[in-house]
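Structure first, then comments.
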Amino acid sequence: MFISVLDLFKIGIGPSSSHTMGPMVAAKDFRDRIQSFVANHTVPSFLQVRCTLRGSLAFTGKGHATDRAVTLGMHEYTPQGLANLNVNELFQKLWQLNTLQINQSTVTHFNPAEDIIFDRGESLPEHPNGMIFQLLDETGKTLLTETYFSIGGGFITTLQEIGQLVAPIKMDAVSSCGFPFDSANQMMKMSVDSGLSVAAMKRSNEMERISEIALNEGLDAVWDAMRTCLENGLVTEGRLPGGLNIKRRAHALYQQLQSNPEKANLNDWLCAYAMAVNEENAAGHMVVTAPTNGAAGVIPAVIYYAVKHEGATLKQVHDFLLVAGAIGGLIKHNSSISGAEVGCQGEVGSASAMAAAGLCAIKGGTTEQIENAAEIALEHHLGMTCDPVGSLVQVPCIERNGFGAIKAYTAASLAIRGDGQHFMSLDNCIAAMKQTGLEMSVKYKETSLGGLAVSITEC
């Protein structure tokens, strides 16, 4: 199994990797298919595009800006391309348009307010995050259609592909890399047999596809985006969009810690750093999927603390990301990182396990201790629901990232003081997370139909 660290950590915009970035990528892909279809077929003078959102995308898409994402994607924008743009200003212009210029001679009607449909009926059976795109003629006949699924972390798959994939996840074959571990047990065995660390094996696998220079530049770009997002969140005040009127808190917390550092502890700093990232995500600004947007603050917070307070080097940052990527790939392959599929255990839980493994690695942990750190962190997120208030990635998501970072640091500390031997394996823990997600009520999997989302007393 191979999934690139540069695919797992993607630079884009908030507030959601599955509900914003994924639908944007899907819409852009369908736009490209329309262009190909028009170029190779005789089409009528009237064309119309329709997008029907199903399942979790329908229930929480408004709060997660899914309609905005589809609109941007249909106008050929990508999450990465929007990272440094004023998205709100751009979106307002596009929302007023009623057409798409497919080529010089073909115009397609597309009115986002009418042609993006939030269908709150039954979810598609393959995955809770479904989207059906259609190209229609004036009679309503479908000329071209594709069904997409946003499977977490900004990844998408089509209806045809999802039936062929086990995870489901797009990945390269076992024979395509030198260390093709698809379980934590295999990872540990290959490490022992080769004498290489997890970071070294992951780096070797990556370098069978891209050069070492390209890999390092990619890791630098990921870390730079994480750091920029975090530092922007530390200096920004105000209230978050969406209607809950949530006040940003990272800036005030950070100021308190800076003015009285002798009274600040590890937990304070980690919460300030993680919340800064997720406030930026909630505002729809640049963020890195780590492995999702809803959990984007955990890994940057732990790395930033290691760099700022413990003197971690750029080489160690690279190793941290490589190890975190290896663990995230295992979780995505054997379970899910989608809140709509398994709840927040798959988002913040996965991020915490990845961060714990990365931190343990740069502190000198063995492969067995790294596996132990990831297992400890994930184990103590099992059963965590995804029930965002108001369908927004704000409550409880922002604070939850701070706690995920704290658990990651604690897990790494516990593992590094042990010998790597422990009762519950990471593989078993991942399997438990998957089964828990399967048995979890749909009300608690990013539909905002239960839990905290409906536990608000109006006064």
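The values are calculated or read from the model by the stated rules, or taken from the named source; none is laboratory data. Remember, predicted model here, so these are calculated numbers, not experimental data. Cβ sites come from the backbone with ideal geometry, for glycine too, and all protein chains shown count toward neighbours.
Quick look at the numbers
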{"item": "Meets criteria (part of a helix (DSSP H, G or I) and surrounded by 16 or more Cβ atoms within 10 Å (Cβ to Cβ)) for residue 90", "result": "yes"}
{"item": "Some residue of the range 385-395 being surrounded by fewer than 23 Cβ atoms within 10 Å (Cβ to Cβ), in a loop (DSSP other than H, G, I, E, B), at pLDDT 95 or above and not small (Gly, Ala, Ser)", "result": "yes"}
{"item": "The range 128-164: number of residues that are on the phi < 0 side of the Ramachandran plot and not in a strand (DSSP E or B)", "result": "11"}
{"item": "Boolean, residue 345 is within 25 Å of residue 22 (Cβ to Cβ), within 19 Å of the chain's Cα centre (by Cα) and either in a helix (DSSP H, G or I) or among the β-branched types (Val, Ile, Thr) (or both)", "result": "yes"}
{"item": "Qualifying positions in the range 413-446 - touching a strand residue (DSSP E or B) at 6+ places or on another chain (Cβ under 8 Å) and either among the aliphatic types (A, V, I, L, M) or part of a loop (DSSP other than H, G, I, E, B) (or both)", "result": "446"}
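Residue-by-condition table, conditions (1) within 22 Å of residue 426 (Cβ to Cβ); (2) touching a residue at least 40 places away in the same chain (Cβ under 8 Å):
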position: 320; (1), (2): yes, yes
position: 323; (1), (2): yes, yes
position: 327; (1), (2): yes, yes
position: 332; (1), (2): yes, yes
position: 340; (1), (2): no, yes
position: 359; (1), (2): yes, yes
position: 370; (1), (2): yes, yes
position: 380; (1), (2): yes, no
position: 400; (1), (2): yes, yes
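Here's the yes/no breakdown for (1) of a type in the set (A, V, I, L, M); (2) under 17 Å from residue 59 (Cα atoms); (3) crowded, with 16+ Cβ neighbours inside 10 Å:
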{"residue": "98", "(1), (2), (3)": "no, no, no"}
{"residue": "120", "(1), (2), (3)": "no, yes, no"}
{"residue": "123", "(1), (2), (3)": "no, yes, yes"}
{"residue": "131", "(1), (2), (3)": "yes, yes, yes"}
{"residue": "144", "(1), (2), (3)": "yes, no, yes"}
